[in-house]
Amino acid sequence: METLQGLQRKRKSAGELHSVVRTMKSLAAVEIRQYEAAVRSLNEYYHAVELGLRAALLQRPLRTHVKQPEETLALIFGSDQGMAGRFNEAIVDAVEKAQEDGQLPAGKLSYWVVGAKAAGGVEERFGAVERSFALPSAVTQITAAVQELALCFEQRRRRQGELHLVLFYNVPLKSAAYLQTLVHLLPPDPTWLEKIGGRSWPGRGVPLYTLPWEELFAALIGEYLFVSLFRAFASSLAAENAARLAAMQRAEKNIEELAAELAARYHALRQSTITEELLDVISGFEALT
């Protein structure tokens, strides 16, 4: 049987939990803005890299018949923390759907995962994860995370040969929603490169370069890789906080409903207790008189 003391403890716990949820919701909203600002800041950087590729490709046509790698590395971005709804399940579902729809190149498929929560889901669905990485905890740490990942990828490529690199990550949408994205990162799409090289230069004079063309092109592709990985990290982290914000909004609504129910039960039980005590006093008085 419920008591006033028990209901009061539940109301206090609900209030404390409500404060925690409100704090987490505020933090998620702040984090979303920071990571979205980081994504927007990449636009000029990406434009500069694209201009460099355009200058390098203006007078140097690409070979159209290049041997394609026989192995594909799927790099999947998830989360290290929970309380984000179906954030990790959604990206793992996207990987499975891409395999079923034939969106990945044929051949051996390996998995690298960013985020401990997503790594567990990938292992359950597809088997062993070749390598896992931790997520940066702030915008200022993304650069170091990208450099570590790019270094590991280069070491693997030199050790085991060329391979396709495909990214899977969530991107934020409006109203605390997110969408799964697939990016074929490496080797670069020949159609995309031909399109860049076919554009006219925006200025009067074409830039000159002193590096050998192969070194320049490799350096520009390295910058393209850096920008793409940075965008994947920042977009995924923004989407994760959007998912957490939505989850906290649902939790806040549920807690408020529970708090209202507990308050109604508390006041009803308190009124009932007071009524019983008054009846006891009246009954005792009538017995004495």
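Please list, in order along the range 91-107, the HN-Hα scalar couplings obtained from phi with the Karplus expression 6.51 cos²θ - 1.76 cosθ + 1.60 (θ = phi - 60°), rounded to whole Hz, x for Gly and Pro.
So the J values, rounded to whole Hz, are 6, 5, 4, 5, 5, 5, 5, 5, 5, 5, 8, x, 7, 9, x, 5, x.
What is the Cα centroid distance between the range 7-44 and the range 241-289, reported in whole angstrom?
The two parts, judged by their Cα centres, are 29 Å apart.
Of K174/K195; K12/K253; K25/K174; K10/K253, which sit over 27 Å apart, Cα to Cα?
Over 27 Å Cα-Cα: K174/K195.
Work from the charge dipole of the chain (Cβ charges, +1 for Lys and Arg, -1 for Asp and Glu, about the Cα centre) and give the residue of Y266, A238, H184 farthest towards its positive end.
Farthest towards the positive end: H184.
Under 5 Å between amide hydrogens, which residues at least 5 positions from Y178 or on another chain qualify, with H placed 1.01 Å from N in the peptide plane?
Answer set, sorted by chain and number: L173.
Determine the gain in length on full extension of the stretch E70-A287; use 0.36 nm per residue of separation and subtract their C-alpha separation, reporting nm with one decimal.
Going from the current span to full extension adds 68.4 nm.
Leaving out same-chain residues fewer than 8 places away, which lysines sit with a Cα under 23 Å from that of K97?
The reachable lysines, counting only those whose Cα sits under 23 Å from K97, are K108, K117.
From the Cα gyration tensor of the range 92-196, with a ≥ b ≥ c the square roots of its eigenvalues, which class applies: rounded if a/c is under 1.5, or else prolate if a/b is larger than b/c, or else oblate?
Rounded is the answer for the range 92-196, as its axis ratio a/c remains below 1.5.
Sequence-distant or interchain residues sharing an amide H contact under 5 Å with L109, placed H: which?
Amide H neighbours of L109: T72.
Tell me, what ³J(HN,Hα) does each residue in the range 210-223 have, in order and in whole Hz, if you take phi through Karplus 6.51 cos²θ - 1.76 cosθ + 1.60 with θ = phi - 60° and put x for Gly and Pro?
Once θ is set to phi - 60°, the couplings for the range 210-223 become 9, 5, x, 4, 4, 5, 5, 5, 5, 5, 5, 5, x, 5 Hz.
Residues with amide H under 5 Å of F133's amide H, sequence separation 5 or more or different chain, H placed in the peptide plane at 1.01 Å from N; which?
Correct list: V113, V114, G115.
Give a quick list of trypsin sites (Lys or Arg not before Pro) in the range 134-199 that DSSP marks as loop, anything other than H, G, I, E or B, with at most 16 other Cβ atoms within 10 Å.
K174, R199
On average, how much area does the Cα convex hull of the chain cover when viewed from any direction, in nm²?
Averaged projected area of the chain's Cα convex hull equals 21.6 nm².
Quick check: from the Cα gyration tensor, does the range 159-219 come out rounded (a/c under 1.5), prolate or oblate?
Judged from the Cα gyration tensor, the range 159-219 comes out oblate (a/c at least 1.5, b/c at or above a/b).
At q = 0.14, 0.18, 0.21, 0.30 Å⁻¹, what log₁₀ I(q)/I(0) does the range 1-61 have when each alpha carbon counts as one equal point scatterer in the Debye sum?
Debye curve over Cα of the range 1-61, log10 I(q)/I(0) at q = 0.14, 0.18, 0.21, 0.30 Å⁻¹: -0.66, -0.78, -0.86, -1.07.
Is the range 1-113 rounded, prolate or oblate when judged by the Cα gyration tensor, a ≥ b ≥ c being the square roots of its eigenvalues, rounded requiring a/c under 1.5 and prolate requiring a/b larger than b/c?
Oblate, since a/c reaches 1.5 and b/c is not below a/b.
So for the range 28-243: antiparallel DSSP bridges make up what percent, rounded to the nearest 5?
35 percent
What are the ³J(HN,Hα) couplings of the range 19-31, residue after residue, when phi is run through the Karplus curve with 6.51, -1.76, 1.60 and θ = phi - 60°? Round to Hz, x for glycine and proline.
5, 4, 5, 4, 5, 5, 5, 5, 5, 4, 5, 5, 5
Rule-based calculations on the coordinates, nothing more; no lab input. Keep in mind that what you see is a predicted model, and the values were worked out from it rather than measured. Backbone-built Cβ (ideal geometry, glycine too); neighbour counts: all protein chains shown.
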